[in-house]
Amino acid sequence: ALVLMAVLFGGMTFFMAFFAPMVFRTLPRDAATDFMRALFPTYFSVMGVVSLLPLLVLLPIPAYRPEGYVILAVAALFFGARGILLPALQRQRDAGNDRMAARLHRASVLIHLAQWAAVGGVLVRLAA
């Protein structure tokens, strides 16, 4: 579980601290936006699946069930973002509703930061 949590935390950190900013620094804005729009559904699906894997170890062990429930919530948020938030955000952008799109984007960023913090907390707990 510790290795899987480290993979999850590292993947999330790399994506938000290095990959996404590099895309927007190196590609023209429209191309970067189109690329990220195409990438996010896959990112959320993959990270959701990676989030579920540590549960196979965490949930059966009573001492680690609280951490397992935290990671279950993280996985649910990845799948919820993939299935609900991203389509809503794209509909608002496609409709030209920039204000609502900005709110939904902000919500997605805050959710991702909360997930990252939760995964980091569980990682620290498991490493202790």
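The values are calculated or read from the model by the stated rules, or taken from the named source; none is laboratory data. The structure displayed is predicted, hence computed values, not measured ones. The accessibility values were calculated without ligands, DNA or RNA, using every heavy atom of the protein model including side chains. Shrake-Rupley method; radii C 1.70, N 1.55, O 1.52, S 1.80 Å.
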May I ask you to compute the full-extension gain from Val49 to Phe24, defined as 0.36 nm times their residue separation minus their alpha-carbon distance, rounded to one decimal in nm? 6.4 nm
With -39,500 (n - 2.57) per DSSP H segment of 4 or more residues and division by the full residue count of the chain, the 222 nm estimate, nearest 500 deg cm²/dmol, is -26000 deg cm²/dmol
By accessible area with a 1.4 Å probe, ligands and nucleic acids excluded, highest first: order of Val50, Val122: Val50, Val122
For the Cα atoms of the chain, what angle does the longest principal axis make with the long axis of helix 29-52, in degrees from 0 to 90, nearest 10? 20 degrees
Over the chain, with neighbouring protein chains present, the accessible area per residue in Å² at probe 1.4 Å is 57 Å²
Expressed as a whole percentage, what fraction of the accessible surface of region 30-128 belongs to carbon and sulfur atoms when a 1.4 Å probe is rolled over the protein heavy atoms? 68 percent
Average Cα contact separation per residue, the chain, under 8 Å, 6 or more apart, as relative contact order %: 33 percent
Viscosity 1.567 mPa s, temperature 4 °C: what is the translational diffusion coefficient of the chain from Stokes-Einstein with a Kirkwood Rh over Cα pairs, rounded to a whole number of µm²/s? 84 µm²/s
